[in-house]
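Below is one structure, written out as structure tokens, with a few remarks after it.
The values are calculated or read from the model by the stated rules, or taken from the named source; none is laboratory data. A quick note: this is a predicted structure, and the numbers were derived from the prediction, not measured. As a convention, Cβ positions derive from the backbone with ideal geometry for all residues, glycine included, and neighbour counts pool all protein chains shown. When the accessible area is computed, the model is the full protein with side chains, heavy atoms only, and any ligands, DNA or RNA have been set aside. Shrake-Rupley method; radii C 1.70, N 1.55, O 1.52, S 1.80 Å.
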Amino acid sequence: MHPLPDFVVAFGDAIRAAGLGSPKIQADGQIHRFRGPEDKPGHPNSWYVLHPDSPPAGAFGNWRTGEKTNWCARPGGQLSDAERRLLKANIAAARAAHDRTKLRNQQAAAERARKLWAYATPADPRHPYLVAKEIGPHGLRQNTNDRLLVPVTAGDELVSLQFIAPDGVKRFLTNGRTAGCFYQLPAARLPAPILIGEGLATVATLVEVTGAPGVVAFNAGNLKSVAEAFRRRHPDAEIIIAGDNDALTPGNPGATLARAAARAVGAKLLLPDFAAFDRPASDWNDYVRLTRARTRAAPANQTTRQEEREIRHD
């Protein structure tokens, strides 16, 4: 194995020092995404680009946080004005090429999603995941590998799929678009309010309990853009962000990002409170199932019945 050039090692050291992790560096002038320490599995928001020109220079950052750092191999890390303009132009060109490739990949993924959806059959209500979560199929489909197919839509267009295995493991279609996309559950019994939450189980549970329309945003970081899309669609509608309460995760990203989404569109915020339960939990599906389990264990306990009624009237 050939040793890495000194400037590649130094660039990697700079990324690590910034707390973004240790990606494998390619000095090819292209933008590379990678998963940083704060990125969730399947959501690599960190990036870098390194040009091997003289002097070698590049940049790195995180698209979710907006962090960006320019880097130069010259002692002191200083670029002349001309070199700085060249680096900026190179990064812009690399980003444009990256975006073109990304768009082509997303278009191919959307076509594959439409084919997979067409060949799938309506989800079996007895699917192990639906049974475990105590929810109905809500328009989902199922493939021959017993994976549930959750539509990922941009407006009314199917652009990707989320797959849920019988054991609950989730993944998205490779190269499929998710940012700003959602799944609106069909056949709501009431016209309002619009409930927006992270995962399928959370939203399906609240739709079944309340009868209100429900929208799956797929992850906490997507809540704000999905909420904004529905505010544009329904400017006068009442919107409720049903966030997760990730109290055991540093920074409680579920509650933090749900609160930001609610604030951005003037929505109400609904967070589950697990203080009355003695086991770890985070979302509204957890809350309702724990409440039901306690009710079944103590049929005479009127408090637990009241808790589930409160969700209906919140």
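Structure data summary
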{"read-out": "Whichever residue in the stretch 139-155 is over 20 Å from the mean Cα position of the chain (by Cα) and in a strand (DSSP E or B) and, among such residues, is nearest to Tyr183 (Cα to Cα)", "value": "Arg141"}
{"read-out": "Test for Thr174: is it surrounded by 14 or more Cβ atoms within 10 Å (Cβ to Cβ) and part of a loop (DSSP other than H, G, I, E, B)", "value": "no"}
{"read-out": "Scope the stretch 210-221; condition open to solvent by 10 Å² or more (accessible area, probe 1.4 Å) and either part of a helix (DSSP H, G or I) or of a type outside the set (S, T, N, Q) (or both); matching residues", "value": "Thr210, Pro213, Phe218, Gly221"}
{"read-out": "Answer from Gly197, Gly155, Gly180, Gly176 - the residue that is under 24 Å from Pro235 (Cα atoms) and either in contact with a Ser or Thr (Cβ under 7 Å, 6 or more places away or on another chain) or of a type in the set (Ser, Thr, Tyr) (or both)", "value": "Gly180"}
{"read-out": "Flag for Ala264 being open to solvent by 40 Å² or more (accessible area, probe 1.4 Å), in contact with a helix residue (DSSP H, G or I) (Cβ under 7 Å, 6 or more places away or on another chain), assigned to a helix (DSSP H, G or I) and closer than 25 Å to Gln184 by Cα", "value": "yes"}
{"read-out": "Among (1) among the aliphatic types (A, V, I, L, M); (2) modelled with pLDDT under 95; (3) within 21 Å of Ile196 (Cβ to Cβ), the one test that Leu290 misses", "value": "(3)"}
{"read-out": "Spans of strands (runs of 3 or more DSSP E) in the stretch 1-73 with at least 2 residues without any contact (Cβ under 8 Å) to a residue 24 or more places away in the chain", "value": "32-34, 67-72"}
{"read-out": "The stretch 185-201 - residue that is touching a strand residue (DSSP E or B) at 6+ places or on another chain (Cβ under 6 Å) and farther than 15 Å from Pro151 by Cβ and, of those, surrounded by the fewest Cβ atoms within 10 Å (Cβ to Cβ)", "value": "Pro193"}
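To keep it simple, each residue is scored yes or no on (1) open to solvent by 30 Å² or more (accessible area, probe 1.4 Å); (2) among the basic types (Lys, Arg).
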| position | (1), (2) |
| --- | --- |
| Gly12 | no, no |
| Leu20 | no, no |
| Ala27 | yes, no |
| Gln30 | yes, no |
| Arg104 | yes, yes |
| Glu111 | yes, no |
| Ala123 | no, no |
